[in-house]
Structures are given as C-alpha cells and as structure tokens.
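What follows is a short report on a single structure.
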Amino acid sequence: MPNSGPREPYNLTPDNDPTVSLTKRTINGSLVNITGQGFKLLIQTTCTVILARLVTPAEYGQFAMVASLLSIVIVIKDMGLSMATIQRPEITHQQISNLFWLNTSAGLLAMTLIMCATPAIALFYGRNDLQGLVIGFAILTPISCIGAQHLAILKRKMNFFRIAVIELMSITIGCTAGIIAAHRGYGPFALLVMATSTAIANTAFLWLGCKWRPSLPQRKQGTRDLVTFGGQLTFSSLIGYGARNLDSVLLGYFKGATEVGLYNRAQHLIAKPLSQVMNPIMSAVLPAFARKSDDSKALEAAVTKALSTLALSGSIIATICITASEELVSIMLGSDWLPAAPIISILAFFGIIEPCFSLLWNLMAATGNSKKLIYWQIFSSLIIVVGITSGLPWGATGVAAGFAISSLLIRAPAMMIYCSKTVNISTRKTVHSVTPYVLASLTAVIFTFLTTRSLPIENIVLTAIAKSSIATAFYACVVFLFKSSRTFTIDTLRSAVSIAKSKLKRK
C-alpha cells in the first residue's frame, strides 16, 4: 500500500553490467526470453486458431472498430511516463511514485472520457450494439495504468526473464478466458473478455514480480521535467496512433465490420511473429541507448548492430508471410478467412522493414528527442493518411496497399535519414545495416513466386512448409552474397551459440 513515511529506496540500477557490449547483451536478453517468447507465440497461435473458428470476421470487425476509434484516448493513459522512467539516467523513488499517481489519474480520466463518448461512437458507426463494447473498453483502460511504472522499472533494470514470465502467464489466463467466452457464444465480447483478463493478470503479476511500492505524491521532487518529456512523447504518439488506426475507422464507417475484421486479422497474423522478434531485442537495447546518448560513436555502433539483428530476423518472417499467405490463412484461420490472404501479403512488404522502423522511433524517444518526434509524427501521419485514403475505394486490400507502399517507399527511408541526423549517427551506416536483408527478402519473394506457381503438393501444410523453405533458401543465398551481412550473420549465430552454451554450463 502507498505510504508517505521515509523508506529505503528501491534499487533502480540495471541487474546486468552496463559495460557489457550491446551485441552480447542483446543476444543474451533474447536468449533469456526465448523460451518464454516461444511458449507465448505457441499460446497466441493456438488461441488465434481456435477463436477464428468461434468468432466471425464481422464480430472481429466490431471489436476492431471500437478499439481503433478509442486508440487515441487509450494513449493518454500512459502519458509517456513509462519511457520517462526508462530513459532518465538517474531517477528517485519519489519521482517514480509521482509518475505512478499521474498514470493512475490519467487512466481514470481516459475511462471517464470513453464512457461519456459511448453514445457518440455508436452514432458515428450507426450501430447501437457497439455501446457495450465501448463501456467494456472504458473499464479496461485504467487497469494497465496501475502496473505501468512497475513494468518500466523491470525494463530499466533489464530484468528480461521476469518480464517474459509475467507476459506468458497473463496471456495464458487471457486466452483461456477468451476461448471459454467465445465457446459460450459471446461473439465480440469474448475478445473483450480476453483483453480484460490479460490486463488484470498482467497488472497483478507485475505487482508481485516487482517489489517497488509507491509512496504518496509529493511536490518539488523534480517531476516536472519527466512530465514534460512524457507529454511531448504522448503528443507525438497521439498523432501517430490517430493516423495508424485511421484505416480501421474508415473501413468500419464506409465498408462495414466484415471488411474491418479481415483487415484486423491480417495485421494480427503479421504483427504477432514480428513482435516476438522485436520485444526481446527492444527491451535489451533501449535502456542501453539511453545511457549511450552522449557518446555518438558508441551509440552508432549499438544502433547499427541492433538494426542488423532486427532486419535479419524480421525480414525473413515477412518473406514467409508474403510467399505463403494463402496457406497460412487456411491453417490459422480457416477457409472463411481466405479473403485476408492478399491483405497479409501486401502488409508484409512493409513488415520487411517495420521492426527497424520501430527501433528508430524508440531510439529517438530513448535518447530524449521527444520534441523532434512530434515533427516526425506530423510528417509521417500525413503520408499515412494520403496512402490509406487513396486505397479506400478498393476496400481493405486497397487500404493495405496504400499504407504499405507509402510506408516502404517514403516513411521508412525518411525515418532513417531523420533519425540518423537527430541522434548524430551516420545515415550511410544506418541504411547499409539493413539494405542486404531488404534486398534478400524482395529477391526471395520474386524467385519463390516464380518457382512455386505449380507445386505438385495437395496438402496445404506441406505446401506452406515447401514455400517457406524455398523462400528461406533464396533469402540465405542473397544474404551471404554481401560481405557485411554474411559476417554479421555468422558472428551473431556464433555469439548466440556461445552464450547458450555458457548458460547451460551454469545450470
């Protein structure tokens, strides 16, 4: 329970030695998480397969319509204060306590705003049946706020394993509750049950897993700078989230719930495997970026290695999603969802570079450039809006194409240039660190399409395996043609094997 009396400060220093090289810490963090992340992906995949056969595309669409429209309000609940805790070189117990109470207040404010907006949201879509979902979202909003600072502390301390275990247990509880609700015929409310159960479990486990407890708020503790940083980050996030969720809002308004459902599940099938790659690496490197922000050479080396790691792992996932989209949809979602296959293929083209894009965005936040992020988000949002609205007449497929093309050809290159100049690292090295993997992915897609057009295989699982294997082989051939990517890939694999062996010996 909170208290205002004197107390021993909680240890806020990283559990790992910050002098260890970023490459080793990144791989180490990833390996610590890999078992949990693997089980997490298995649980989420199983949940997706089951729910897709219990919840219709239209019901998924109803849930996504509400979630997308409320995304801007939901951003308010964090206020960028979690990143402020991670990014700050030195921070006190009382400062984090003040941030905790601000987070909690923001969550309650967001809940109130959503509840007040319930009739307006139903009127906007012309569907009164969405009001229950909106109220459910309102109740869900403040729950995660209560554990936001606990999660930030664990990330600051680089306690990757504990975070992975908490996520795994929370998702298991949430998926189980969602499947039970869907089996009993709750439709879109089953998805709300899943989200709420996951949030409650996650918050409870964060409080159990992080022994930090807040004190009552106090004035004159140097919190204003943290709030200013968080406010700038929140404003840039509001712009970005608004533009990024405009696709589902417009599809819901003009095309209906089924189209939104197909689009939402296509995004989900790409985002989940990519997040399994991004989350462990991002957790490992962001605190290190914040501590190296004053050393441009060290930061540049850290960023290029992290970009290469993400490009290597993320682009191969996107390549498989592009080349085997029909088979993946049939296996994961069932034949009723086949119209989502071309949407997956199109969105996955941006997925080739999306993990690197996310890293650069977070790099700017971690190095304290929240004001520069506002300028970027304005530019980026304009590009997204133009791309999405250009494709809207052609439904979900057109929206996906508009977003992917504008993002891959304009936003991604622009982010590399803008971020490099902002944090004072080499643009050439930034681009060079990802180029071989992008070329490998695009080449693999073309040659896989040409060589698998008439595969003599009837079994859909075997077809998916064959296409994925062929795409991976082409991808590897191109990666090993470039000296830089060949050397990096071999060194990364050797480091991973070495760290894995050392951990096994300790056990």
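Every number here is computed from the coordinates shown, using simple stated rules; none is lab data. Bear in mind that the values here come from a model prediction, so they are computed numbers and not experimental data. Virtual Cβ from ideal backbone geometry, glycine too; neighbours counted across all protein chains shown.
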Quiz prompt | For segment 83-92, Karplus couplings with θ = phi - 60° (6.51, -1.76, 1.60), whole Hz, Gly/Pro x | solution = 5, 4, 5, 6, 6, 5, x, 10, 8, 9
Quiz item: What's the local net charge at residue 354, with K and R +1, D and E -1, over the other residues with C-beta under 12 Å away?
Solution: +2
Quiz item: Which of 356, 477, 47 comes first, and how do the rest follow, when ranked by fewest Cβ neighbours within 10 Å?
Solution: 477, 47, 356
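Mind sorting 101, 337, 207 by how few other Cβ atoms lie within 10 Å of their own Cβ, fewest first?
Taking fewest neighbouring Cβ atoms as first place, the list is 207, 101, 337.
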Quiz prompt | Cβ-Cβ FRET estimate between residue 455 and residue 116, R0 fixed at 51 Å, reported to 0.05 | solution = 0.40
Practice problem: Using amide H atoms built 1.01 Å from N in the peptide plane, name the residues 5+ places from residue 186, or on other chains, whose amide H lies under 5 Å from its own. | Solution: none
Quiz prompt | Net charge over other residues, Cβ less than 14 angstrom from the Cβ of residue 91 (K, R count +1; D, E count -1) | solution = +4
Quiz item: Which order results if 224, 265, 127, 486 are arranged by neighbouring Cβ count within 10 Å, fewest first?
Solution: 224, 486, 127, 265
Self-check item: From phi via Karplus (6.51, -1.76, 1.60), per-residue ³J(HN,Hα) for segment 105-111 in Hz, x at Gly/Pro
Solution: 5, 5, x, 5, 5, 4, 4
Quiz item: What length, rounded to one decimal in nm, is gained on full extension from residue 428 through to residue 480, with 0.36 nm per residue of separation minus their alpha-carbon distance?
Solution: 16.7 nm
Quiz prompt | For the chain, calculated [θ]222 nm from helices alone, where every DSSP H run of n ≥ 4 adds -39500 (n - 2.57) | solution = -27000 deg cm²/dmol
Exercise. Note the listed values [x] 148; [y] 169; [z] 225, then indicate which one is volume of the Cα convex hull per residue in Å³ calculated from this particular structure.
Key: [x]
Quiz item: How far, in nm, would the chain grow between residue 39 and residue 105 when pulled straight, counting 0.36 nm per residue and subtracting the alpha carbon separation?
Solution: 20.3 nm
Quiz item: Cross-link list 40/467; 40/292; 292/429; 155/255: which exceed 29 angstrom alpha carbon to alpha carbon?
Solution: 40/292; 155/255
Practice problem: For residue 497 paired with residue 389, estimate the spin-label separation in nm (one decimal), with each label point 7 Å from Cα along the Cα-to-Cβ line. | Solution: 5.4 nm
Quiz item: Which cross-chain or sequence-distant (5 or more) residues have an amide H under 5 Å from the amide H of residue 223, H modelled 1.01 Å from N in plane?
Solution: none
Exercise. With θ set to phi - 60°, apply the Karplus curve 6.51 cos²θ - 1.76 cosθ + 1.60 along segment 454-470 and write out the HN-Hα couplings as whole Hz, x wherever there is a Gly or Pro.
Key: 9, 5, x, 10, 8, 5, 5, 5, 5, 5, 4, 5, 5, 4, 5, 5, 5
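Please identify every one of the chymotrypsin sites (Phe, Trp or Tyr not before Pro) in segment 429-490 that sits in a loop by DSSP and has no more than 15 other beta carbons within 10 Å of its own beta carbon. Working shown, then result.
Numbers: sites: 437, 447, 449, 474, 475, 480, 482, 488; in loops: 480, 482.
Answer in residue order: 480.
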Practice problem: List the residues whose amide H sits under 5 Å from the amide H of residue 215, counting only those 5 or more places along or on another chain, with H placed 1.01 Å from N in the peptide plane. | Solution: 3, 97
Quiz item: By its C-alpha gyration tensor, with a ≥ b ≥ c as the square roots of the eigenvalues, how is segment 254-378 shaped: rounded for a/c under 1.5, else prolate for a/b larger than b/c, else oblate?
Solution: prolate
Practice problem: Just grab the label-to-label distance for residue 53 and residue 220, each label 7 Å out from Cα along the Cβ direction, in nm (one decimal). | Solution: 6.6 nm
Self-check item: Approximate spin-label separation residue 92-residue 417, in nm, with each point projected 7 Å along Cα-to-Cβ
Solution: 4.5 nm
